[in-house]
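Notes for the one structure printed next.
The values are calculated or read from the model by the stated rules, or taken from the named source; none is laboratory data. On a predicted model such as this, the values are computed, not experimentally measured, just so you know. Here Cβ is always computed from backbone atoms with ideal geometry, including for glycine, and neighbour counts include all displayed protein chains.
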Amino acid sequence: MGQGAWRDLAHGSSSTGYAKEEGRSHLEDQLDRPLDQPVEFLNSTGQASTRSSWKSKSNPKNIDGSWKATDPQAGLGWYNFNTETGEKLIGTCNLRRGISPLQAELEALIWAMQCMLRHKKLTIVFQTDCSDVVKMVSKPEEWPAFATLLEEFCRCWTEFTSFSIVHIPRTKNTKADKLSRSARVLPTDVFYVNSVSPAWISELV
């Protein structure tokens, strides 16, 4: 998939996808503890993200990808709630299933980044329960099979003022997980970004 296709996804178009498979998971995802340190990136001005940015719990962006070998599509989901302002933003979509669970996890991150940029949210702390995603974006040269997606990731993160990503336990990522799973099992295409929960799932708790 080329970079143009990924830019189209931000506007509601689909692309191919990979994510963690329902019913089984990556070995590292079984660890019920986060990685010790987040991955932080230089912003477009060449300055490093501040350590305080990722430690702040007021405005995290949780992301998740849902993949099952027997389903024709994968689901992506992200959830953003600002505890200081009460502002909430939710995203969920489905797209053609790729060949690996990990791809959907990475695609969920990229789509969430694109949406945050479109909403002018430039100070970002993403939280994922897939530690491989953190490793991939930390050392993209070690994951050549994902080169096209990682190029799009790099294109996006340079547009943020402050960007970091951290691994969290799966038990702390239930809202994004629910959003991605619900999109995966829908029989029709969906692309949803709003401040309220989508009608096809119950209120996120």
Query raised in the report: What do you reckon, is Ala145 within 17 Å of Glu107 (Cβ to Cβ), without any contact (Cβ under 8 Å) to a residue 12 or more places away in the chain and assigned to a helix (DSSP H, G or I)?
Result: yes
**Report entry** Out of Lys172, Lys139, Lys120, sole residue that is under 23 Å from Asn59 (Cα atoms), without any contact (Cβ under 8 Å) to a residue 12 or more places away in the chain and surrounded by fewer than 19 Cβ atoms within 10 Å (Cβ to Cβ)
**Finding:** Lys120
Requested in this report: Could you please let me know if Asn80 is of a type in the set (S, T, N, Q), crowded, with 18+ Cβ neighbours inside 10 Å, under 17 Å from Met116 (Cβ atoms) and at pLDDT below 95?
Outcome: yes
Requested in this report: Taking only the range 33-67 into account, find how many residues are under 20 Å from the mean Cα position of the chain (by Cα) and either outside any loop (DSSP other than H, G, I, E, B) or modelled with pLDDT of 95 or more (or both).
Outcome: 13
Report task. Go through Thr148, Thr188, Thr161, Thr171 for me and flag whichever is of a type in the set (Ser, Thr, Tyr) and closer than 21 Å to Asn82 by Cβ. Result -> Thr161
Report summary line: Sole miss for Tyr192 among (1) within 19 Å of Gln73 (Cα to Cα); (2) touching a Gly at 6+ places or on another chain (Cβ under 9 Å); (3) not in a strand (DSSP E or B) is condition (3)
Requested in this report: Go through the range 96-117 and give me each residue that's of a type outside the set (Lys, Arg), surrounded by fewer than 24 Cβ atoms within 10 Å (Cβ to Cβ) and closer than 18 Å to Val185 by Cβ.
Outcome: Gly98
